[in-house]
Every structure is written in structure tokens, then in C-alpha cells.
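I have placed the structure first, in the form of C-alpha cells, so that the comments after it can refer back to it.
The values are calculated or read from the model by the stated rules, or taken from the named source; none is laboratory data. Fair warning: this is a prediction, and the values are worked out from it, not measured in the lab. Heads up, the Cβs are rebuilt from the backbone with ideal geometry, glycines too, and the neighbour counts pull from every protein chain shown.
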Amino acid sequence: MVNRKRIRKTLRAADSDWRRVDLHLHTPASADWQEPGAAYLQWLQKADSRGLDVVAITDHNTVEGVARLRGEIERLTWLEANERLRPQERRELDEYRRLGEKVLVLPGFEFTATFGFHILAIFPPDTPLRMLELLLLRLNVPVERLSEGSTEIGASTDVVTAYRLINEAGGLVIAAHANSTHGVAMRGLSFGGQTKIAFTQDPHLHALEVTDLESTGRRSTAQFFDGSKPEYPRRMHCIQGSDAHRLVRDPKDKNRLGIGDRVTEVLLPEVIFEALLAVFEGDDFTLTRPYRPAAEMPFDHVQAAREQGNSIVQSFHESMTQQGGRLNKVLADVAAFANARGGTIWVGASASRKGAPRGVPNPNEAVSQLKKEIEHSITPPLDVPVDVVESMGASVIRVSVPNGADKPYALSQTRIYVRQEGETNEAMRDELVQLVLACHAAGGPAAEVEPPPAVSVEAVAAEPAAAPELIAAQPAEVKAPSIGVEIVTAEERKGTRYYSIRDLRNGNTIHNVTMGSARKLWSYALNQYATNPVDPAKVTWNGDLGLWQVAKRARRLRYDLALRQPDGGLRVFYGVTSDGMSGPWGQFLKEEDRAE
């Protein structure tokens, strides 16, 4: 492959560092390639004609396509060195060199893991072929099948082991078409949650390739993996790729894409593998976006965030003026996100999906002011990046709060805030105690969220229906929903009713809650508990699981659920959203909440 290790800018990106990237492309080396007779020079020419800056060769369980491309260039180069080039060969070599200066070609493969899950492994441009073949052998691809390019290779390596081996070999690890067939997100399948958590949250996994990147709805894959789900706390980079098995889209089947038909733009200072890897190893999720032709409106990260509204990982403030305490609310969110697992604060935009953002006047001055306020007001010190993002002609401030490593964080030395769903509240006594205990249990400053443990092949096989060919099994124990509130105890002391509430969003149990001190969701639960107690005879039951009632609050359906216990008792979960109704609870979802 033409050496292109250090090129600072491509010709087409002279005025912008946004690069067009397609990291899922097959060649004639894949057994299911759909255009017989296509040459590798044509393959590269098509990538160039589609304006691509970075491409990856990802044939099925083989690097034969990489070998053929490199071999052709090496053959022509040898003929040139020995003065044996024919005119046509001279034109081909010149074309390869021209394309090598415009398109960065990365070697890799699409690995078929145990149970048929597909994983993209992508490497630096000069990675030796022998190293890649050795890796395929370590992944249990049979030596006699290394050049077949087939999706079927027999018993191979499990998903999480494959992630680790590819990552340790220096590769970029991407779950291929994660939300579709052979994807690790297992969309539309009934399965045990621990497998999906491990497959999508593993620390060796860099990104998810999805087919619905343009979607801004709550059901999109990127929205699901935005870090707001209690079981999926790690926000995942989501990209799109063509998964092309042909040069051009099939005119008879629009789903059979060609090279460059589904592209991601990545903000890269240099068109090199190391810069690409750094994006996916980092926590800035605005460095990637779905590519749109110049005639269309560019992807707007602020508008995409407004579509999702306030959540446990993002909040919106139309201004940050001192008057009315607006600046203090922004700072309270900074402390709350740092005490949770991080998040993004948008200043100059409301959570409403309608209308253009208001923006912030003098944005550079506002950024400087906000940085100073964070530095002076948040204790202990916290490094919080603050920058400006343009949206619909308005300048919006973005505050990227990290998961704090030294919790709890306080505003003005004494006020400690916590974040739950779309709310920031001052911590109650028990929540403060739990923050301190969590810090103490970690042996010092609060640790980052622990990655889920690796899941073995045996563990996956024990899960219900982890792949289409597996038979679904009924889970032995039904877990409580992961979002909502459960009232544990209630007692009256000196004329005042006190409650112990278990917040399912974080598992904390808070004691001595009164109607006056209850927060929004807690207040709803207490009000229902006191005025509308559950009548088991009116619950919609399916076995021991029941639906009591459904109500709409803050544009979301909230479900009140019931669970019968072996001893005859009843657990009631109030205010559960669709995001918290995984597993068998999903049977009660209303049509508007069902996954597409």
C-alpha cells in the first residue's frame, strides 16, 4: 500500500478538518462480493470519486484483499525499478500513487465471533500482513480458511476475548452493524441483560457501527448508548459505514450499498490512523457526525441533543446570568454531573425541540467567565472543558463535565448536588453518606464506573437467546426495573409521615423522606401510594409481573408496575420509563414506546 504515514491535510480538506471516513468496506476477497471482475484500482478510484479521506478494507475473516492490493502495487513498483513497465502499467502505477496521496487506506478484517456476532478490526496502514494473519489464527480462524473470505468459519473466539485481542494488537475495535443482523446490541431479541451489557460496554471496544445514525428519536441506537441508562453507564461512540460488498449501490435493491453510500465525518487534525484512534479513545462525542452532502444542512449536535431533552447526562440553560440565579443553576449542574458519571451542559439553548436556540451574547467572554466560576466555586478542583458550538446561527456554550474522580464535589464549599434522570437536586443526608462511602470503598477518590466483567462463552450460552439460533430461556429471577421509585417503609412520628424510598435509578435507599421534602418523581410516588393504593385485583397480571397504571409526565409515559413475591407480598415500582423496562417488563410497553 502506498506509504502515507504523515499527511497533515488532504487536498479536499484544505478549509476544514472534517474528514469523510468509511470504515466498513469489502473487496473481491470477500466470498459474498457482488461485482465479479472488479479490480482493486477501480475500488480505490471509487473511494476517491466519493470524496473519501479514510477507508478500511474489512473482508470477512481474511486479509486477502489487503494482500492483493499491496501485491499489485509492489509488482508494479518492482517492474518500474527494473525498467520493465509497459505504458498501461505505468498509468496504473501513477494512478495508485495519486490515490495514495488522497485516500488513507487502513488494513483490517470483519471477524465472525462466537454465535455469529461481527466485529471490525482496523489497523495502521503499514501493519504487516503476517501480524494480521497471526491475529486471525489467535481468534481461532482455521488456517485452511484464512483466504476464503467467508462469514462462516466454525467455532471461533467469543466477543469479549476478540475485543481484547484486537485492541492489544493495536487495532481499532468496532462492533459491526451493532443494531442489526449479527450485531452485539441484539435489537429485537429476548436475551439476558448481562451479555448485552458486556458486549456493548467492554473497555476494549472503541465504537458501535449503527445503521440509524441519522435518527434523533429516543429509539435510536446512539440514544440508547448515550450513558443515561443505569445498566449502560459508558457512553459509546456511534458511527456509520457502508458495509459495501460492491462498487456502486444495487439499482434493484437500495439496501445493497456501494462504496461511500453511508459515511461518517470525523474531525481530524491529521489524516493518520493515530488521530482516528484518539477520537474513539476520547470522550468528545462531537468529533463525529453522519456525513451529509453539501446541499443538505450539516449535522447539528445541539439540535440532536435538544431532541433528547434533559436527562441524567445532559441539561439545558437558556442563559447564565447572575440575575435570577441562572449561573448558580449551571454550576449546580456541574457539581451534580461530576458526582454522577459526567454529562454535557448546553448554555444558550432550551430543551424544547422547537425554534432556534437563543444563543449566548459574547460567547468567548462567557466561556472565560464560566471557566473562572467553575474554578472558584467547585471543590475539589475539577478540570471541565468549556467551548462554543454553532447551531442554527446561534453560539451555544458546551460544558463537558467528566465523571469526577474525587467525589463528592461541592458548590461554594458546602452545597452538594446529585443528578437523577433530568433533575439536579441538593443531596439529602443519605445520598451524601453514600457518596462518601463509595469514595471510601474505592480506597480514596471515587473511581470511574467499573467496566462490566468479561463474559465467557459458557456464560453467554447460559443467557436466554443471545443470538437468533439460540433458544430463549425464562430468567430464573425477575429484577426490579432500572428506573423508577419503590417505597420501602412508611411510619408516622409525632404527626409527620416519614418514608424510606429506594431510587431505582442508582439503587440508593433514602430514609426520612416527607411529602414536603420529596423530589418530583418521589413526590409522584408518595402521592400515588397515599391516594391511589394498588389494588391487586385490578392489576394486569402476566404471571407474577403486573401493570398497575400508565400516565404521561414530562413528555414520557410513566408506568407503575407490580411484582408478586414468593411470600405473598407485593413490590410496587412507580414512575418507570421505557428505558428502565428491560427484560420481561418490556411486555407492558405501550405502542409508542416499543423499539422499532
Query raised in the report: Restricting attention to segment 384-411, which residues are among the polar types (S, T, N, Q) and out of contact with any helix residue (DSSP H, G or I) (no Cβ under 6 Å at 6 or more places or on another chain)?
Result: Ser400, Asn403
Query raised in the report: Here are Gly546, Gly580, Gly586: which of them is touching a Leu at 6+ places or on another chain (Cβ under 8 Å) and within 30 Å of Ser180 (Cα to Cα)?
Result: Gly580
Report summary line: If we keep only residues of segment 245-269 that are over 22 Å from Gln45 (Cα atoms) and either of a type in the set (Gly, Ala, Ser) or in contact (Cβ under 8 Å) with a residue 12 or more places away in the chain (or both), then the residue surrounded by the fewest Cβ atoms within 10 Å (Cβ to Cβ) is Pro269
Requested in this report: Kindly indicate whether any position in segment 344-352 is in the same structural domain as Ile374 (by TED's automatic domain parsing) and at pLDDT below 90.
Outcome: yes
Report summary line: The lone condition Gly227 fails out of (1) at pLDDT 95 or above; (2) in contact with a Lys or Arg (Cβ under 8 Å, 6 or more places away or on another chain); (3) of a type outside the set (D, E, K, R) is (1)
Query raised in the report: What pairs can you find where one residue is in segment 197-216 and over 13 Å from Asn179 (Cβ atoms), the other is crowded, with 24+ Cβ neighbours inside 10 Å and of a type in the set (Ser, Thr, Tyr), and their Cβ atoms are less than 8 Å apart, with a gap of 6+ or different chains?
Result: Asp202/Tyr163; His204/Tyr163; Leu205/Tyr163
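Condition first: hydrophobic (A, V, I, L, M, F, W, C) and within 28 Å of Ile483 (Cβ to Cβ). Can you find one or more residues in segment 358-372 that meet it?
Kept after step one, since they are hydrophobic (A, V, I, L, M, F, W, C), are these residues of segment 358-372: 360, 366-367, 370.
So of that shortlist, the ones also within 28 Å of Ile483 (Cβ to Cβ) come out as none.
The answer is no; no qualifying residue exists.
Results for (1) in contact with a Lys or Arg (Cβ under 8 Å, 6 or more places away or on another chain); (2) more than 16 Å from Gly404 (Cβ to Cβ); (3) of a type in the set (Lys, Arg), shown as yes or no for each residue.
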site: Thr321; (1), (2), (3): no, yes, no
site: Ala338; (1), (2), (3): yes, no, no
site: Ala349; (1), (2), (3): yes, yes, no
site: Val360; (1), (2), (3): no, yes, no
site: Glu375; (1), (2), (3): no, no, no
site: Thr379; (1), (2), (3): no, no, no
site: Leu382; (1), (2), (3): no, no, no
Query raised in the report: Are any of the residues in segment 336-343 modelled with pLDDT of 90 or more and either in contact with a His (Cβ under 9 Å, 6 or more places away or on another chain) or surrounded by fewer than 18 Cβ atoms within 10 Å (Cβ to Cβ) (or both)?
Result: no
Report summary line: Residues of segment 397-416 being among the basic types (Lys, Arg) and either in contact with a Cys (Cβ under 9 Å, 6 or more places away or on another chain) or in a loop (DSSP other than H, G, I, E, B) (or both), in sequence order, are Lys407
Query raised in the report: Within segment 492-543, how many residues turn out to be crowded, with 18+ Cβ neighbours inside 10 Å and among the acidic types (Asp, Glu)?
Result: 1
Query raised in the report: Does segment 62-119 hold any residues that are in contact with a helix residue (DSSP H, G or I) (Cβ under 9 Å, 6 or more places away or on another chain) and of a type in the set (Asp, Glu), and which are they?
Result: Glu72, Glu80, Glu89, Glu92, Glu95, Glu101
Query raised in the report: Quick check, is Arg358 touching a strand residue (DSSP E or B) at 6+ places or on another chain (Cβ under 6 Å) and either among the charged types (D, E, K, R) or closer than 29 Å to Arg519 by Cβ (or both)?
Result: no
Query raised in the report: Counting residues that are of a type in the set (Ser, Thr, Tyr), which strands (runs of 3 or more DSSP E) fully inside segment 529-594 reach at least 1?
Result: 540-542, 556-564, 570-576
**Report entry** From the options Val436, Val460, residue that is among the β-branched types (Val, Ile, Thr), in contact with a helix residue (DSSP H, G or I) (Cβ under 9 Å, 6 or more places away or on another chain) and modelled with pLDDT under 90
**Finding:** Val460
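Given the criterion outside the structural domain of Ala366 (by TED's automatic domain parsing), farther than 30 Å from Ser377 by Cβ and among the basic types (Lys, Arg), identify the matching residue among Arg246, Arg235.
Arg246
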Report task. Note down all Cβ pairs under 8 Å where the first residue falls in segment 426-448 and is part of a helix (DSSP H, G or I), the second is among the small types (Gly, Ala, Ser) and at pLDDT 80 or above, and they're at least six residues apart or on different chains. Result -> Leu435/Ala427
Query raised in the report: Which pairs have Cβ atoms under 7 Å, sit 6 or more apart or on different chains, and link a residue in segment 66-86 that is in the same structural domain as Leu136 (by TED's automatic domain parsing) and farther than 15 Å from Leu44 by Cβ to one that is modelled with pLDDT of 95 or more and among the acidic types (Asp, Glu)?
Result: Leu79/Glu89
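How many of the residues making up segment 360-384 are part of a loop (DSSP other than H, G, I, E, B) and either crowded, with 17+ Cβ neighbours inside 10 Å or in contact (Cβ under 8 Å) with a residue 60 or more places away in the chain (or both)? If you could, list the steps in order and put the result at the bottom.
Applying the first criterion (part of a loop (DSSP other than H, G, I, E, B)) to segment 360-384 yields 360-362, 380-384.
Still in the list and also either crowded, with 17+ Cβ neighbours inside 10 Å or in contact (Cβ under 8 Å) with a residue 60 or more places away in the chain (or both): 360, 382, 384.
The qualifying residues number 3.
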Query raised in the report: Considering Leu561, Leu589, Leu557, Leu570, which residue is surrounded by 19 or more Cβ atoms within 10 Å (Cβ to Cβ) and modelled with pLDDT of 85 or more?
Result: Leu561
Report summary line: Reported set for segment 229-244 where residues are crowded, with 22+ Cβ neighbours inside 10 Å and assigned to a loop (DSSP other than H, G, I, E, B) is Met236, Gln240, Gly241, Ser242, Asp243
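May I ask you to list the residues in segment 385-394 that are surrounded by fewer than 16 Cβ atoms within 10 Å (Cβ to Cβ) and under 20 Å from Gly343 (Cα atoms)?
Our first condition is that a residue be surrounded by fewer than 16 Cβ atoms within 10 Å (Cβ to Cβ); within segment 385-394, this holds for 385, 387, 390, 392-393.
Within segment 385-394, Pro385, Asp387, Glu390 meet the criteria.
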Requested in this report: Look at segment 21-36 and say how many of its residues are out of contact with any Pro (no Cβ under 8 Å at 6 or more places or on another chain) and free of Cβ contacts under 8 Å to residues at least 60 places away in the same chain.
Outcome: 1
